[in-house]
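Nothing in this text is a laboratory measurement; each read-out follows from the coordinates by a stated rule. Remember, predicted model here, so these are calculated numbers, not experimental data. Cβ atoms come from the backbone with ideal geometry, glycine included; neighbour counts cover every protein chain shown.
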Amino acid sequence: MPPKGSRKSASSLPTQTLVLDNGAYTLKSGLVPAGSSNLAYDGCTVTPNCIARSSRDKRTYVSSELSKCADFGELAFRRPVEKGFIVNWEAEKAIWEHEFLDSKAKEGLRCDPRETNLLLTEKPNCPSLLQKNCDEIVFEQFEFARYYRCVGPTLNAYHPAQPNSLSSLPQECLLIIDTSYSDTTILPLYSGQLIQSALRRLTVGGKLLTNYLKELSSLRHYNMMEETYLLNEIKEAVSFVAPSAQQFGQNLERTWKGRLGDKRNLDPTIVLDYVLPDYEQSIHGYARPHDPAKSRMRRGLQPLQGPREDLLPLGNERFAVPELLFHPTDIGIQENGLPEAIMQSVGLLPEALKVGMLANVVVVGGNSLIPGFMERLESDLRALVPAEYYLNISRAEDPVKHTWLGAARLASQPELLKEVLVDKAEYDERGSGWLARKFAGGDTK
Amino acid sequence: MPHVEVLPNSASVSAPGWTYVVDTGYDPSKAPINPKDRKRAAARTQGRRGDNELTARQQTAIARRIAELDRDNDPKQQIAIPGKNVPAKTANARRIIQSARQIKHWLDEEEALAQLAPAPRTAATSSRAPPSRKLSTVPPTPAETTPGPTSGFMTPLPREDIDPLLSIEKTMAPPLSESELDALLSAPPLSYAESFATLPAGGPPQRQFCDNCGYWGKIKCLKCGARICGLECKDAHESTRCLKWA
Ligand SMILES: [Zn+2]
Ligand SMILES: [Zn+2]
């Protein structure tokens, strides 16, 4: 720990930084003391970035309170972040206050913003008007002592390239694939700096996959349009990525009912029945092998005595939903699949950088946890990358918390942090236009 | 009157008549015309577009559906903030907190601003987070034959020691000039709309699926243009999603 000094003086930094990876789906947060050397995923708390309202128990749940919810049926969500950007500050403010400031609360992170630095992440290509709103709220409403806002995934460059590396400098060439709730972005980084012109984005993210599964299930089986929470749970439990486009086609055959007069048997290794929770006896559902007889039973046909169950059969939905990451055109999104989009991005770089990027591809974001995702991405990419290039691609050990940990590594190093933080007095004097230019790395005279 | 159209075979079968399309793709030159149905034949001839080209109505329908799938908040749902919250501390903060605008309004305004005043393409290097970098201009050294994850350029070294070409096949990578790198690093961000990985022209044809069951979409609905797998899914399609997004 560095000497504490006077916290009020303009020349010394507060000793702790609130590192906040402010995702659309979850907040990844933690307090990082200056100079801390034992940073780990454990230091990161993941809480929902939403306010949820149940029409059944008439309760409203703010962020981490959702863990107390026992009935997710028809739960409605209010999310402050849209398309990855903080849009609704009324809701985000309430969530931040609840999670970080509430002095009466016994759990979670508590800090006094006036004695805390804030390191806040944002998605790339954020509208400047929303950046301005964010900066003004951080300093004028929350009154953080010092603040830095930057594109979250770029902070992954602060992870050591090798586990025992002592260097604090960002990795030189790093290609981050961030496949998250809001979308999927491809970020070529040079020494931690984003090469903006080669950034590429796919509309497909976890939110779209969940909504697609919800749409398909509602069309084919029950109306589940109000059951976003449940469908997300089902998506996480059953979806997988086919190993190749060819295997995708074979799976489609094996899960097809066939024609009238030419019925086919569904492949029991793919088709599942998801036993839906009733929110009385059970909060969570589970999947089991498909049973044609049972799945034909509708609720009314089931015995009044004894256990009743509602089953959602899942066949091609299991692999056709995440396939959108590789074929957005399957539902008409006129965008490249992820492997082609990666080639599109690196294709905009000079040869030397292209080689460096492809040799150091790291995947973060929750969608990378879908079984088969990494195998498919790697094998599709190998087919696209010229043979003489070295391709090295890996998933972060914890793809959800990895960006947070990268940010924490920056926050733990006072000499690096000092370079980027802006203090409140300076903001008060120079204003939000100046601050926006400074964070964009532009002229700040 | 059924509202389905069996697509002509896309495989190189020259015999006229109906078969199921195998998978995807549509070659208009091979489209047989059903002489018994002049209205449909006329519509088809008039269209004469590749099968992946859609009518304006279909495009609108697809765009609306994708917007629905990509939506973060349901505008019909009003969830009030519970409990007591810190009041707004400045007029700025109050205005921002009370704003009920959605992301599409912000993106529209951003686009409008960009039209009015194109962003100045100023260099942006002075206050970047990363420490200064120094590029070596020495000729590349022979590369390791099988560079692994531990190869030199992935290891953060003091900047003075880094040769970005050290472990790069020298035959493949011409040296990177400092000015070229500076230009890349100082380029301003793209707008949100510019950032998408748009499809290049002339790519492979879009795969088509049954709108009802998700199997290959071998038959086209004449009413709405959606695909279905066969007669098995026709009724279900017509009673559910036919024309839903139009
Ligand atoms: Zn079908
Ligand atoms: Zn139709």
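Going down the table (A:Lys83/A:Lys438; A:Lys68/A:Lys214; A:Lys28/A:Lys58; A:Lys207/A:Lys354), which pairs top 26 Å between alpha carbons?
A:Lys28/A:Lys58; A:Lys207/A:Lys354
Using alpha-carbon pairs under 8 Å, 6+ residues apart, how would you state the relative contact order of segment A:360-403 in percent?
Contact order relative to length: 64 percent.
Which of A:Leu252, A:Leu381, A:Leu175 comes first, and how do the rest follow, when ranked by fewest Cβ neighbours within 10 Å?
Lowest to highest Cβ neighbour count: A:Leu381, A:Leu252, A:Leu175.
Report ³J(HN,Hα) in whole Hz for each residue of segment A:267-282, in order, from the Karplus equation J = 6.51 cos²θ - 1.76 cosθ + 1.60 where θ = phi - 60°; Gly and Pro get x.
Coupling constants for segment A:267-282: 6, x, 7, 10, 6, 10, 10, 9, 7, 6, x, 9, 6, 10, 7, 9 Hz.
Using R₀ = 35 Å, calculate the FRET efficiency as 1/(1 + (r/R₀)^6) where r is the Cβ-Cβ separation of A:Ser67 and A:Arg259; round to 0.05.
After rounding to 0.05, the efficiency reads 0.15.
Using the Karplus curve 6.51 cos²θ - 1.76 cosθ + 1.60 with θ = phi - 60°, work out ³J(HN,Hα) for each residue of segment A:426-437 in order, rounded to whole Hz, and write x for Gly and Pro.
Once θ is set to phi - 60°, the couplings for segment A:426-437 become 5, 4, 4, 7, 9, x, 6, x, 4, 4, 4, 5 Hz.
Short version: ³J(HN,Hα) in whole Hz for each residue of segment B:109-116, in order, from phi by Karplus 6.51 cos²θ - 1.76 cosθ + 1.60 (θ = phi - 60°), x for Gly and Pro, what are they?
Karplus-based 3J(HN,Hα) across segment B:109-116 equals 5, 4, 5, 4, 5, 5, 5, 5 Hz.
Can you pull the mean other chain C-beta count within 10 Å for peptide A:87-95?
Partner-chain Cβ atoms within 10 Å, mean over residues of A:87-95: 6.
Sort A:Tyr229, A:Tyr25 so that the residue with the fewest other Cβ atoms within 10 Å of its own Cβ comes first and the one with the most comes last.
Lowest count first: A:Tyr229, A:Tyr25.
If amide H atoms are built 1.01 Å from N in the plane of the peptide, which residues on other chains or at least 5 residues away come under 5 Å of the amide H of A:Arg200?
So A:Arg200 has HN proximity to A:Ile186.
Please arrange A:Ser37, A:Ser244, A:Ser394 by how many other C-beta atoms lie within 10 Å of their C-beta, fewest to most.
Ranked by crowding around the Cβ, least crowded first: A:Ser37, A:Ser394, A:Ser244.
Using Stokes-Einstein with the Kirkwood hydrodynamic radius over Cα pairs, what translational diffusion coefficient do you get for segment A:207-323 at 37 °C and a viscosity of 0.692 mPa s, in µm²/s rounded to a whole number?
The Stokes-Einstein estimate is 218 µm²/s.
State, to one decimal in nm, how far the label point of A:Glu429 lies from the label point of A:Glu388, with both points 7 Å from Cα in the Cβ direction.
5.5
How big is the antiparallel share of DSSP beta bridges in chain A, given as a percent to the nearest 5?
Of the beta bridges lying entirely in chain A, close to 70 percent run antiparallel.
Kirkwood hydrodynamic radius for chain A: how many Å is it when counted over pairs of different Cα atoms?
23.8
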